[in-house]
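Okay, structure first, notes after.
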Amino acid sequence: MNGQSLTHLNRTLIPISIEPFGRKHDRTGFVCGNTYIDAQLQRSIIPLVELNLSRAFVAAEPNSVKVLGFYAMHSHTIEPWKVPPQWESIISDNNLGGIPAAYISLFATTERCQGRGIGRLMMADALRRIKAASEALGTFAVVLDAADQKAFDFYSSIGFLSMEQNLRMFYLVAEIP
């Protein structure tokens, strides 16, 4: 990621399975420290997935339905005037109305699992899925909005770069191994 390998993201302190989110997954008691994200997992994920507006994936211990972490993602468009300066000429020369991207809209682990490598494992999984999808459909970057400075620092440690003055970040799909 920006020159780093995904292998350093694949280490966790407990065995974890990442699979598509479904109604079978137990979300009760999931607390990540951000009430908005907790509420999204409890109320919004199922309708978004069932309406094909988003895809969500959960991290759980093998043979368990208890959600330890989750992420959601969907397609996105970056406005051409919001790309970093080094890509402005490429974008403007190709007259794109918008730059195709993947957007990680939600990303969290339970408070008790934070710092145990589950978030890094989930991010490696998300980036692999986005890279595979980009083989069939052009995707320039992965975009996300860090919920706070702690999340910003986490995403920075993985290789995401700041896109704007706020907490929006990106990772070039071409740099995903």
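The values are calculated or read from the model by the stated rules, or taken from the named source; none is laboratory data. Since this is a predicted model, take the numbers as computed values, not measurements. Cβ coordinates were reconstructed from backbone atoms using ideal geometry, including for glycine residues, and neighbour counts include every protein chain displayed.
Observations on the structure shown:
- Any chance residue 109 is buried (at least 20 other Cβ atoms within 10 Å of the Cβ) and closer than 19 Å to residue 76 by Cβ: no
- Tabulated pairs, region 109-121, first without any contact (Cβ under 8 Å) to a residue 60 or more places away in the chain, second part of a helix (DSSP H, G or I), C-beta under 7 angstrom, 6+ apart or interchain: 119/154
- Considering residues of region 163-177 that are at pLDDT 90 or above and more than 17 Å from residue 37 (Cβ to Cβ) only, the residue surrounded by the fewest Cβ atoms within 10 Å (Cβ to Cβ): 174
- Across region 126-148, the qualifying residues are those that are over 15 Å from the mean Cα position of the chain (by Cα) and free of Cβ contacts under 8 Å to residues at least 12 places away in the same chain, and the one among them that is surrounded by the fewest Cβ atoms within 10 Å (Cβ to Cβ) is 136.
- Within region 109-123, being of a type outside the set (Lys, Arg) and more than 9 Å from the chain's Cα centre (by Cα) holds for 109, 110, 111, 113, 114, 115, 117, 118, 119, 121.
- Within region 93-119, restricting attention to residues that are among the small types (Gly, Ala, Ser) and closer than 19 Å to residue 174 by Cα, the residue that is modelled with the highest pLDDT is 102.
- Residue within region 34-53 that is surrounded by fewer than 20 Cβ atoms within 10 Å (Cβ to Cβ), touching an Asp or Glu at 6+ places or on another chain (Cβ under 7 Å) and at pLDDT 90 or above present: no
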